[in-house]
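The values are calculated or read from the model by the stated rules, or taken from the named source; none is laboratory data. Since this is a predicted model, take the numbers as computed values, not measurements. Here the Cβ positions follow ideal geometry from the backbone for every residue, glycine too, while neighbour counts run over all protein chains shown. SASA here: full protein model, heavy atoms, side chains in, ligands and nucleic acids out. Shrake-Rupley method; radii C 1.70, N 1.55, O 1.52, S 1.80 Å.
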Amino acid sequence: MNQADKELNTLVLNKELGGRKKLALGLYVHVPFCSTTCDFCAFYQEKPSKKGMDAYFAGLRDEISRFPPNRALSTVFLGGGTPGLLQPEQLDQLCGLVNSLDMESGAEWSIELAPSEITPEKLQVLHDQGVNRISMGVQTFDPRFMDALGRKHPVEKTLSAYSMIREAGFFSVNLDLLFGAPGQTLADWESDLARAVELQPDHLSTYCLTFEEDTAMYVRLAGGKLKIDPEREAEFYEFAWDYLPAHGYDQYEVSNYAKPGHACRHNLNTWEMNEWIGYGPSACSQYRGIRRKNIASLEKWAAGLLPGGTPQFMEQEKLGPIDFARDAVLFGLRMNQGIDLGKIATQFDLHESVFAESVHFLDRLCQEGLAEKQSPDTFRLTKQGRILCDAIACDLPELTER
Ligand code: SF4
């Protein structure tokens, strides 16, 4: 262990937060390979190669032995990139590494798959290894917008992949949909939602197309070839908020809907500000009082993890209970059930007085019809408030210890 590791370990051991040791622990593994780059994508990924794959698996082994979880995992999420691009034997290897870690019985284990990479062989490997939740990136059922988003799979491939997943017998299946593509109308969005509901997945995630810097979409936006229309985006959000619950999917967060018992526990763990470890280049962790992001370079990430090397992070900060509590409020307000300030105070071992200014702020939102107060401690955003949740998050006051 080098000096930096020693200091970090001492720091986290000294700073273990009261009551946080028993919190749910999630694992995120970033698989950084994609065959092409989607026009809207800002995730770290690169083209697969034999050399890259070898470096990736060696790096993962090193990362696990250097930063092993200190308790059983409650959830696992294999994301990317495109984990489905791995061949069956590589998926077997990846899942074998996850299975070398201690996992709670009944742990939720998800993997993101793109329709074009799904085969019965891969699904069999995943099922045999214990994966129980598949999240398929459908984005749209309309070929016109598939092209606009730089996606290549034909709709028939989405449908056949979905049948394969169902035949393989996974407990839970999520479909990701994207709205707000240039030229998409509300009627087009309704048609996408209807086609998704027809398939009867257990969970649906609906995301608004965003224009992240350094993406092909952003370049078109900056060049005046596209424009953002927040009012149209709000209409799409609100349409899904009405449509999906009316078709048997409870909304539990701004962008997420589930049939009973199928809410994504991995995401809930994150939004509740519990703990998670991220392995792989660009993966984020929030663990033992430290939030950090691995370097977004396969080569540098793997080299830093070699014996004698120094692990490379793009961001690393030590956070205290006040920081975690504020984020629990921010993310909690995005959830339909809202927040319970008393519970958050207990979770982070804080006196409730730290929320004094937040309560004033939330009371004001209630007067403006943007939030509802269910008890002196519990608040949730109204539909009108949820549309403005990003702006509300920016205005939320800092918490202060008195
Ligand atoms: S959106 Fe997903 S599949 Fe497309 S390039 Fe990004 S990570 Fe790869």
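Some points to look at:
- Bridge orientation summary for the chain: considering DSSP beta bridges with both residues in this region, about 40 percent are antiparallel.
- Cut-off 19 Å (backbone N to label point 7 Å along Cα→Cβ of ARG166), residues of the range 110-144: 113-121, 123-124, 127, 132-142
- GNM flexibility winner over the chain from ILE277, ILE111, ILE290 (Cα, springs under 10 Å): ILE290
- A simple spin-label model places pseudo-atoms 7 Å from Cα toward Cβ; at ASP377 and GLU401 they are separated by 2.0 nm.
- Where a label projected 7 Å from the Cα of ALA58 along Cα→Cβ would reach, residues of the range 289-304 with amide N under 16 Å: 298-304
- Residue of GLN286, GLN87, GLN139 that the Gaussian network model of the chain assigns the largest fluctuation, springs spanning Cα pairs under 10 Å: GLN87
- Cα pair distances exceeding 40 angstrom across the chain, given as percent: 16
- Under 5 Å between amide hydrogens, built in the peptide plane, is the criterion, and for GLN139 it picks out ASP176, LEU177, LEU178 among residues at least 5 positions away or on other chains.
- Taking GluC sites (Glu not before Pro) across the range 315-402, the ones in a DSSP loop with at most 10 further Cβ atoms lying within 10 angstrom of their Cβ are GLU398, GLU401.
- GNM result for the chain, Cα springs below 10 Å: residue of ASP323, ASP54, ASP102 fluctuating most strongly: ASP54
- Accessible area (Å², 1.4 Å probe, nearest 10) - THR37: 80
- In order through the range 355-367: 3J(HN,Hα) via Karplus (6.51 cos²θ - 1.76 cosθ + 1.60), integer Hz, x for Gly, Pro: 8, 3, 6, 5, 5, 4, 4, 5, 4, 5, 4, 4, 4
- Of LYS122/LYS152; LYS157/LYS293; LYS152/LYS259, pairs whose Cα-Cα distance is over 32 Å: LYS157/LYS293
- Net charge, ASP202 excluded, C-beta distance under 11 Å - Lys, Arg +1, Asp, Glu -1: +3
- Stretched out straight at 0.36 nm per residue, the stretch from ALA187 to LYS157 would grow longer than its current Cα-Cα span by 8.5 nm.
- Per residue accessible area of the range 321-395, 1.4 Å probe, in Å²: 48
- Relative contact order (%) - the range 321-395, alpha-carbon pairs under 8 angstrom, separation at least six: 31
- In the chain, a dipole from Cβ-located charges (positive for Lys and Arg, negative for Asp and Glu) runs towards its positive end, and of SER49, VAL31, GLY130 it is SER49 whose Cα lies farthest in that direction.
- Distant-in-sequence amide contacts of TRP109, defined by a placed amide H-H separation under 5 Å and a gap of 5 or more residues or a different chain, comprise VAL76, ASN132, ARG133.
- Proximity of backbone amide H atoms, modeled 1.01 Å from N, is registered between MET103 and LEU73 at under 5 Å, excluding neighbours fewer than 5 places apart on the same chain.
- FRET efficiency for ALA391 and SER35, using Cβ-Cβ distance with R0 set to 35 Å, rounded to 0.05: 0.40
- Ordering SER285, GLN312, PHE77 by the projection of their Cα atoms onto the charge dipole of the chain, which places +1 on the Cβ of Lys and Arg and -1 on the Cβ of Asp and Glu, puts GLN312 at the extreme positive end.
- ILE322 versus SER100: modelled label distance in nm, points set 7 Å from Cα along the beta carbon direction: 4.2
- With N counted as the residues of the range 321-395, its alpha-carbon radius of gyration over 2.2 N^0.38 Å works out to 0.99.
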